[in-house]
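Trainee: Once you've had a glance at the structure underneath, I'll fire off some questions.
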């Protein structure tokens, strides 16, 4: 009951109703997005990892208040506690039921997956093929995969963009490109 | 030579005028490109200008600095990708304005307010430099710590949605900012044994990933369609400027004071000013966060006002007010000039010359700030299939340029995907960026403050806050920030509004 009172009056998950735009948006924030528990778990994992690392350092837990591990320990513990509040709020709130596969489709639709794969490939290939070829390939394949119409025009645009990037970064600003 | 003579020598020198103009023009477009920053441009310019005399070098660098702070707002407004941390607050209402087709108007407002804010801060620099510096040197470690925490809570309270989610992301940002080598002891921490992570994670990489790549992914998911922008009327009318003059003056004061504090700059100034506008403007043109003009006026006035403010500790104490002035100090040292109280006493003409460069840059900001708006506005009308791969490419180049390290690209991609997931579930990203930026200020001042207490303990560090006037004021501000995000405050506000409307009727 104490926790309910605290949550009711502090309502730390408050959407700041006095400043919010409209009731519909308030409802959106109150109703958890399907899969939100997975994000909360992800944050637990990340923060847990940092807490584990920080415990190995001298800090407040070891009695050294100004140690290098003090602030990491304090902050990671606070984040874990706040994340726990979010998980409680999610469990109490209205949830759309969705299985894991549908959650993945909801978060990562086809176009998003394609772009992520292309970006990762770009980063991996840039060390081997260097900037000009990799960028040209990425720009052209990226544009065509997002809209299959007029591939030749997109190749010309990709070449133009590459030329502009080389002019701006390499020639004018003399920035070292990957 | 006196300060006035130094000032006149600069504004009558065609070569310096040209360099200031060129610097502003380049700075605007550098700042506007996601992935480049004014700080980066000034750093590059140091090597170009090594063989120049000091004043031509300063004219060019001040020009770039001035232009880039404004320029960052262009991509913030049009693409929701701030070109600089000082433009984060501008995106809150600037981007919604662009979605409404008023991106041109937003950019026009941004130019005018930036110019007004900077002129105000230059006047303060001239008149009050010694007074403002005296206030700044009274700030203790506790005060800086509280200022950092206040900045985080502010951005958390400004974010739409859950305040708790905003604090979670802010604190995650602080953790990320601590990855690498400890600045005191040089010991590696939070690196998970990785040599790559020992060099730390740059906030620019985090910003590019979270605002650049994640925005590109989100636009794909949400299938956001291009919106045609109104660009026939860009410059705000005199009536609009007059109506918003009280807000402009208050935000100029905020920007100047925050800029004058060493280590804080346009980013914090802009956020504080935005929050101030949100709390004080009862009838905005639209609700804040939905394209309120006041939501662009406030941060843009403050972030450029912070420029003049940042020069106050730089010139009078030799302490940088922000990252840009930190590099300018480096440039001055390379040219054999050491800023500080000795310089002000022995070479007062130098102070006049810097003021002259600032004023010239500001004039050119007004002239060049309106250039390219129509062209830039067309950017948002480009089909997604073309603009998204370009944004990603710029993000990759921008991440790599910071330290020519390929691992920064991988970090950028990781933060981009993480940021995209967070945005889907309404975790705001601005607090995380600010957490990374403020992490050194918060940690160094916490540890320094603890070491300065007699018992070397954290409890004494916190209890001494209640005995120092500046700390007490900041604690009250933080307490009010926390309180206004509770349901109790919502209930109180509704009751107060009911009472007011009852009394009126």
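Trainee: If you go through the stretch B:165-220 one residue at a time, how many are more than 7 Å from chain A (Cβ to nearest Cβ) and in contact with a strand residue (DSSP E or B) (Cβ under 8 Å, 6 or more places away or on another chain)?
Mentor: 10
Trainee: Which members of the stretch A:29-48 meet the condition of being facing chain B (nearest Cβ under 7 Å) and closer than 18 Å to residue B:191 by Cα?
Mentor: A:43
Trainee: Identify, please: which residue in the stretch A:119-143 is surrounded by fewer than 18 Cβ atoms within 10 Å (Cβ to Cβ) and facing another protein chain (nearest Cβ under 8 Å) and is, among those, modelled with the lowest pLDDT?
Mentor: Among them, the one singled out is A:127.
Trainee: Any residue in the stretch B:1-27 that is free of Cβ contacts under 8 Å to residues at least 60 places away in the same chain sitting within a Cβ distance under 9 Å of a residue that is part of a helix (DSSP H, G or I) and surrounded by fewer than 16 Cβ atoms within 10 Å (Cβ to Cβ)? List the pairs, counting only those 6 or more apart or interchain.
Mentor: As it stands, the answer is B:26/A:172, since those pairs meet every condition given.
Trainee: When the stretch B:171-188 is examined, which residues are found to be without any contact (Cβ under 8 Å) to a residue 12 or more places away in the chain and part of a loop (DSSP other than H, G, I, E, B)?
Mentor: The initial filter retains those residues of the stretch B:171-188 that are without any contact (Cβ under 8 Å) to a residue 12 or more places away in the chain, namely B:182, B:185-188.
Scanning the stretch B:171-188 gives B:182, B:185, B:186, B:187.
Trainee: I've got another one for you. Would you check if residue A:161 is surrounded by 13 or more Cβ atoms within 10 Å (Cβ to Cβ), at the interface with chain B (Cβ under 8 Å from one of its Cβ atoms), more than 27 Å from the chain's Cα centre (by Cα) and modelled with pLDDT of 90 or more? Outline the logic, then answer.
Mentor: Numbers: surrounded by 13 or more Cβ atoms within 10 Å (Cβ to Cβ): yes; at the interface with chain B (Cβ under 8 Å from one of its Cβ atoms): yes; more than 27 Å from the chain's Cα centre (by Cα): yes; modelled with pLDDT of 90 or more: yes.
Taking the combined requirement at face value, the residue satisfies it.
Trainee: Could I ask something else about it? Can you tell me which residues in the stretch A:145-157 are more than 7 Å from chain B (Cβ to nearest Cβ) and surrounded by 18 or more Cβ atoms within 10 Å (Cβ to Cβ)? Even if it seems obvious, please write down each step before you answer.
Mentor: Step one: list which residues in the stretch A:145-157 are more than 7 Å from chain B (Cβ to nearest Cβ), which gives A:145, A:148-156.
Of everything in the stretch A:145-157, just one residue is more than 7 Å from chain B (Cβ to nearest Cβ) and surrounded by 18 or more Cβ atoms within 10 Å (Cβ to Cβ), namely A:154.
Trainee: If you don't mind, another one. Taking the condition of being in a helix (DSSP H, G or I), free of Cβ contacts under 8 Å to residues at least 60 places away in the same chain and more than 7 Å from every other protein chain (Cβ to nearest Cβ), how many residues in the stretch A:105-114 meet it?
Mentor: Here the count works out to 4.
Trainee: Among the residues of the stretch B:236-290, write down those that are touching a helix residue (DSSP H, G or I) at 6+ places or on another chain (Cβ under 7 Å), at pLDDT 85 or above and in a loop (DSSP other than H, G, I, E, B).
Mentor: Result: B:244, B:281, B:284, B:285, B:288, B:289, B:290.
Trainee: Restricting to the stretch B:254-292, and then to whatever is under 19 Å from the mean Cα position of the chain (by Cα) and free of Cβ contacts under 8 Å to residues at least 60 places away in the same chain, can you tell me which residue is farthest from the other protein chains (Cβ to nearest Cβ)?
Mentor: B:258
Trainee: On to the next question. Would you pick out the residues in the stretch B:426-460 that are at the interface with chain A (Cβ under 8 Å from one of its Cβ atoms) and crowded, with 22+ Cβ neighbours inside 10 Å?
Mentor: Those that are at the interface with chain A (Cβ under 8 Å from one of its Cβ atoms) and crowded, with 22+ Cβ neighbours inside 10 Å: B:427, B:442, B:443, B:446, B:447, B:450.
Trainee: Sticking with this one: Is it the case that residue B:46 is modelled with pLDDT of 85 or more and part of a helix (DSSP H, G or I)?
Mentor: no
Trainee: Here's something else I'd like to know. Given the stretch B:347-449, what helices (runs of 4 or more DSSP H) lie entirely inside it while holding 3 or more residues that are modelled with pLDDT of 85 or more?
Mentor: Passing ranges, in order: B:348-369, B:384-403, B:406-424.
Quick grid of which residues meet (1) closer than 20 Å to residue B:458 by Cβ; (2) within 9 Å of chain B (Cβ to nearest Cβ); (3) touching a residue at least 40 places away in the same chain (Cβ under 8 Å):
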residue: A:50; (1), (2), (3): yes, yes, no
residue: A:53; (1), (2), (3): no, yes, no
residue: A:62; (1), (2), (3): yes, no, no
residue: A:68; (1), (2), (3): yes, yes, no
residue: A:76; (1), (2), (3): yes, yes, no
residue: A:80; (1), (2), (3): yes, no, no
residue: A:92; (1), (2), (3): no, no, no
residue: A:116; (1), (2), (3): no, yes, no
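The values are calculated or read from the model by the stated rules, or taken from the named source; none is laboratory data. Nothing here was measured: the structure is a model prediction, and the numbers come from that model. Positions of Cβ are backbone-derived with ideal geometry, glycine not excepted, and every protein chain shown enters the neighbour counts.
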